[in-house]
Amino acid sequence: MKRLLGLAFCLLGVFLMLFGSLTSFELYAKERQRKININMAGFILDVYNGAPSSKILYPEYSTVILKTQDGKVITTENLLKVFDESMYSSDLYKDKRGNEIYVYVKKPTLGEYLYFFLENPLSFGVLVSGALMLFVGLFLLFTAEVKAVTSRKEIDDGFINGLKALRLTLSTSRIIPEESLNQAKRILDDILKKYGGKV
């Protein structure tokens, strides 16, 4: 029973961990995309209003550079700070009139994903509960295995001790034949009762 329960907990734990990983990553991706969209919308509004540069709300996520056909350059303010191009994926868009727009979006990293967890602990609750279920299941399986090994050893020891007593009784059968025979029968009856036989 304990082994079956442990296996059920393990399977449920693995399922919850997979489900929790998928849902938490989806929440992370949606939140990340929302911040990038806000940056793009802010840049477009600043360009529309004729601002020389754009101050975006989430500067760590994206950078935009617009080069107009008349040579004017409008960019997000975070480009003027330390900018490591290797941390971003980029695309260039051109139109027929010569306008160019460069869009840089920061590549997702494991550190950013973990930081999202720290900021939003409820988003990975299913993942943590799955890990706990798996741990409980493994614990139950381990304790069931230890108990099975211990009881098997107890059975083996008891059976061997019974056989030793039977041998000793049979060796005294020459001295006290009738009593030794009765004692041997009692020992055999005990062994059969103890280990599942019928007397």
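The values are calculated or read from the model by the stated rules, or taken from the named source; none is laboratory data. Given the structure is predicted, the values throughout are model-derived calculations rather than measurements. As a convention, Cβ positions derive from the backbone with ideal geometry for all residues, glycine included, and neighbour counts pool all protein chains shown. Protein only, heavy atoms only, side chains kept; ligands, DNA and RNA dropped before computing areas. Shrake-Rupley method; radii C 1.70, N 1.55, O 1.52, S 1.80 Å.
Quick check, is Ile44 touching a residue at least 24 places away in the same chain (Cβ under 8 Å) and either farther than 20 Å from Ser129 by Cα or not assigned by the TED database to the domain that holds Tyr93 (or both)? Show your work before the answer.
Values: touching a residue at least 24 places away in the same chain (Cβ under 8 Å): no; either farther than 20 Å from Ser129 by Cα or not assigned by the TED database to the domain that holds Tyr93 (or both): yes.
No.
Considered as a group, the residues in the stretch 59-73 that are at pLDDT below 90 and within 46 Å of the chain's Cα centre (by Cα) include one that is most open to solvent (accessible area, probe 1.4 Å), and that residue is Glu60. Based on this model, can you work out whether Thr63 counts as over 30 Å from Asp84 (Cβ atoms) and polar (S, T, N, Q)? Taking the combined requirement at face value, the residue does not satisfy it. Pairs linking a residue in the stretch 95-121 that is closer than 30 Å to Gln69 by Cα and aromatic (Phe, Trp, Tyr) to a residue that is part of a helix (DSSP H, G or I) and open to solvent by 50 Å² or more (accessible area, probe 1.4 Å), with Cβ atoms under 8 Å and 6 or more positions apart or on different chains, are Tyr104/Glu85. Of the numbered criteria (1) surrounded by fewer than 16 Cβ atoms within 10 Å (Cβ to Cβ); (2) touching a strand residue (DSSP E or B) at 6+ places or on another chain (Cβ under 6 Å), the one Ile36 fails is (1). Could you say which residue among Leu11, Leu16 is of a type outside the set (D, E, K, R), out of contact with any Phe, Trp or Tyr (no Cβ under 9 Å at 6 or more places or on another chain) and open to solvent by 90 Å² or more (accessible area, probe 1.4 Å)? After ruling out the rest, the residue left standing is Leu11. Candidates Lys81, Lys94, Lys30, Lys106: the one that is open to solvent by 40 Å² or more (accessible area, probe 1.4 Å) and modelled with pLDDT under 90 is Lys81.
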